[in-house]
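What follows is a short report on a single structure.
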Amino acid sequence: MAGTAAAGTEADDRAGRVRGRRIGVVVAVLTTIVLVFFARRIATDWPHVLDGSVPDDDLAEKYVASPWLAYGHMVPGVVYLLGAPLQLSRRFRSRHYVLHRRLGRVLLGCALLSGVLAVVLGFVFAWGGRTESFATLVFGSWFVLCLVLAFRAIRSGRVPDHRRWMVRAFAVGLGVATIRLWVGVFTGIQLGLLGMTDEPMPARSTFGVAFWLGLGMHVAAAEWWLRRTPDLDG
Ligand code: HEM
């Protein structure tokens, strides 16, 4: 009997490790996509920001016109995305608890700044129009709320709740990459299948829908993950 129980625990551990590795690969791929788009932004915007010229595409024009707002959102967002996986790793938390707390404060500040400015961006930039503004308001507010509730939970010693709210916030942050994947899918359909080659920027008309799909999928995925891994609480 004891042997069967031990074999069961070993199998659970193995399954947990495989699950952890898979999710690690997904997080790494999505983070890389965000980094590529961030690097592309810098390469497109900064020559214009530095020499005061106006780019000839209307998306870059907004980033160049408001670099403080745009990079006040992107830079802390990237710092948060790079640091959060470490914070969510149970091994890191249990081995480096003091560092987890210190780094947590820095990353929380970064994420809150990025999230609040995301909502402003969604109105000031809104390349994808009202659909994008509304999606940004809904998911940006959700992102900020999750962070605030995670902080409140840990201040009152509710560790499992703290983990749950932090997982939810991270899922939204990572959703930024999935928006770009949807933009790619829609652009492929518009150019390849519908032959919309006359449109200068076909992605624009579907940009807002990509926001809803990308971020909505990530909110749902976080709930799915939390139901599958209640055993990781704490
Ligand atoms: C926390 C991690 C985040 C990172 C690393 C991040 C990164 C970025 C990057 C790199 C861009 C420029 C994209 C491009 O040129 O293709 C961008 C733009 C933007 N982000 Fe974020 N972001 C984050 C979170 C969010 C959240 C939570 C929201 C709102 C739900 C949001 C809303 C926006 C908006 C509205 C834009 C402007 C899009 C446009 O040009 O119309 N971001 N972000």
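Summary table below
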item: Subset of the range 60-96 that is of a type in the set (A, V, I, L, M, F, W, C) and away from the ligand (no atom under 11 Å from the Cβ) - its residue that is nearest to V172 (Cα to Cα); result: L88
item: Test: I23 is under 17 Å from the mean Cα position of the chain (by Cα) and either at pLDDT below 95 or charged (D, E, K, R) (or both); result: yes
item: Set A135, A111: member being within 9 Å of the ligand (Cβ to nearest atom), farther than 16 Å from H73 by Cα and part of a helix (DSSP H, G or I); result: A135
item: Long-range neighbours under 7 Å by Cβ, at least six apart or interchain, first residue β-branched (V, I, T) within the range 104-122, second near the ligand (Cβ under 7 Å from one of its atoms); result: V119/T136; V119/G140
item: Residues (closer than 20 Å to R204 by Cβ and either within 10 Å of the ligand (Cβ to nearest atom) or among the hydroxyl-bearing types (S, T, Y) (or both)) located in the range 37-57; result: F37, R40, R41, T44, D45
item: Flag if P76 is in a helix (DSSP H, G or I) and in contact (Cβ under 8 Å) with a residue 60 or more places away in the chain; result: no
item: Enumeration of residues in the range 23-60 that are outside any helix (DSSP H, G or I) and either touching a residue at least 40 places away in the same chain (Cβ under 8 Å) or exposed (fewer than 10 other Cβ atoms within 10 Å of the Cβ) (or both); result: G52, V54, D56, D57
item: In the range 94-150, the residues that are β-branched (V, I, T) and touching a Gly at 6+ places or on another chain (Cβ under 6 Å); result: V119, T131, T136, V144
item: Candidate set from the range 138-170 (those that are surrounded by fewer than 15 Cβ atoms within 10 Å (Cβ to Cβ) and small (G, A, S)); member that is farthest from the ligand (Cβ to nearest atom); result: G157
item: Selected residue [buried (at least 17 other Cβ atoms within 10 Å of the Cβ) and among the small types (G, A, S)] from A65, A70; result: A70
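The values are calculated or read from the model by the stated rules, or taken from the named source; none is laboratory data. Since this is a predicted model, take the numbers as computed values, not measurements. Using ideal geometry, Cβ is built from the backbone for each residue, glycine included, and neighbour counts are taken over all protein chains shown.
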